Amino acid sequence: MKILARQLTLDLYNCDTSRLGNVDEIKDTLKSVVGSEPRLVAEAIDDGHCSIIGAFTEGHIALHVYRELRYVAVDIFTCADSDEPDRLAKTIRKFFRPDKMKSTFLKRGDFGLEREIKPKIKTRVAPFRSVKNAGVKAVKKLVRRNKE
């Protein structure tokens, strides 16, 4: 099966608030991981929402940052076989430090026309701090039982 491109979307929930307001720092992070120099444009939509769009040789990236909601929506589109959208996604995740992330991977331009065309989608939802919170909850339940 020959595909033309890969698309990865990310929903980052409860991001670190200190990382959501500095557009120049976000742009520098994106430039550090994209091999070719991306052309980045940042636009303030309103006080709590900005978008950053970057075009590079074999794809593009788009981020919508909602400071008040502590939410970032990311779209990574790559055309070259050598591009790794997961590497860019990992850097973005480390930068924003979300509590929870949803990622969806799409294969674009699947020309296997001998079968019915259906999009191939993989979706993962992962809370990052759930293990720490589960331990605290278990200890609290044990303490309550001992008091009874």
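Among the residues of region 1-18, write down those that are over 11 Å from residue 71 (Cα atoms) and either surrounded by fewer than 17 Cβ atoms within 10 Å (Cβ to Cβ) or of a type outside the set (Gly, Ala, Ser) (or both).
Applying the first criterion (over 11 Å from residue 71 (Cα atoms)) to region 1-18 yields 1-9, 18.
Hits for region 1-18 are 1, 2, 3, 4, 6, 7, 8, 9, 18.
Looking at region 71-84, which of its residues are within 13 Å of the chain's Cα centre (by Cα) and surrounded by fewer than 21 Cβ atoms within 10 Å (Cβ to Cβ)?
71, 73, 75, 77
Out of (1) buried (at least 16 other Cβ atoms within 10 Å of the Cβ); (2) touching a strand residue (DSSP E or B) at 6+ places or on another chain (Cβ under 6 Å); (3) at negative phi; (4) not hydrophobic (A, V, I, L, M, F, W, C), what's the single condition that is false for residue 59?
(3)
Limited to region 62-83, what total is found for residues that are touching a strand residue (DSSP E or B) at 6+ places or on another chain (Cβ under 8 Å) and more than 14 Å from residue 12 (Cα to Cα)?
Of the residues in region 62-83, 5 are touching a strand residue (DSSP E or B) at 6+ places or on another chain (Cβ under 8 Å) and more than 14 Å from residue 12 (Cα to Cα).
Does region 54-72 hold any residues that are more than 19 Å from residue 18 (Cβ to Cβ), in contact with a Leu (Cβ under 7 Å, 6 or more places away or on another chain) and hydrophobic (A, V, I, L, M, F, W, C), and which are they? Write out each step before concluding.
We begin by selecting, within region 54-72, every residue more than 19 Å from residue 18 (Cβ to Cβ); these are 54-62.
Cutting the leftovers down to in contact with a Leu (Cβ under 7 Å, 6 or more places away or on another chain) gives us 54, 61.
Correct list: 61 only.
Residues in region 31-48: is at least one under 19 Å from residue 101 (Cα atoms) and either in contact with a helix residue (DSSP H, G or I) (Cβ under 6 Å, 6 or more places away or on another chain) or crowded, with 16+ Cβ neighbours inside 10 Å (or both)? Don't jump to the end; show me each part of the working.
Restricting attention to region 31-48, the residues satisfying the condition of being under 19 Å from residue 101 (Cα atoms) are none.
For region 31-48, residues under 19 Å from residue 101 (Cα atoms) and either in contact with a helix residue (DSSP H, G or I) (Cβ under 6 Å, 6 or more places away or on another chain) or crowded, with 16+ Cβ neighbours inside 10 Å (or both): absent.
Among the residues of region 105-117 satisfying the criterion of being surrounded by 15 or more Cβ atoms within 10 Å (Cβ to Cβ) and not in a loop (DSSP other than H, G, I, E, B), which is modelled with the lowest pLDDT? Lay out the reasoning, then the answer.
Of the residues in region 105-117, the ones surrounded by 15 or more Cβ atoms within 10 Å (Cβ to Cβ) are 105-107, 110.
Restricting the remaining residues to those that are not in a loop (DSSP other than H, G, I, E, B) gives 105-107.
Details: 105: 85, 106: 82, 107: 78.
For region 105-117, the residue satisfying everything is 107.
Scan region 22-69 residue by residue and report those that are acidic (Asp, Glu), in contact with a Cys (Cβ under 9 Å, 6 or more places away or on another chain) and either in contact (Cβ under 8 Å) with a residue 24 or more places away in the chain or outside any strand (DSSP E or B) (or both). Show your work before the answer.
Within region 22-69, the first condition is being acidic (Asp, Glu), and the residues that meet it are 24-25, 28, 37, 43, 46-47, 58, 68.
Of the ones still in play, those that are also in contact with a Cys (Cβ under 9 Å, 6 or more places away or on another chain) are 43, 58.
58 - this is the single residue of region 22-69 that is acidic (Asp, Glu), in contact with a Cys (Cβ under 9 Å, 6 or more places away or on another chain) and either in contact (Cβ under 8 Å) with a residue 24 or more places away in the chain or outside any strand (DSSP E or B) (or both).
Can you tell me which residue within region 75-106, out of those that are aromatic (Phe, Trp, Tyr) and in contact with a Leu (Cβ under 7 Å, 6 or more places away or on another chain), is nearest to residue 23 (Cα to Cα)? Give the steps one after another, and end with the answer.
First, pick out the residues of region 75-106 that are aromatic (Phe, Trp, Tyr): 77, 95-96, 105.
Adding the requirement that they be in contact with a Leu (Cβ under 7 Å, 6 or more places away or on another chain) leaves 96, 105.
Numbers: 96: 12, 105: 26 Å.
Among those that are aromatic (Phe, Trp, Tyr) and in contact with a Leu (Cβ under 7 Å, 6 or more places away or on another chain), it is 96.
The values are calculated or read from the model by the stated rules, or taken from the named source; none is laboratory data. Quick caveat, the model's predicted, so the values are computed rather than measured. Cβ: placed from backbone, ideal geometry, glycine included. Neighbour counts: every protein chain shown.
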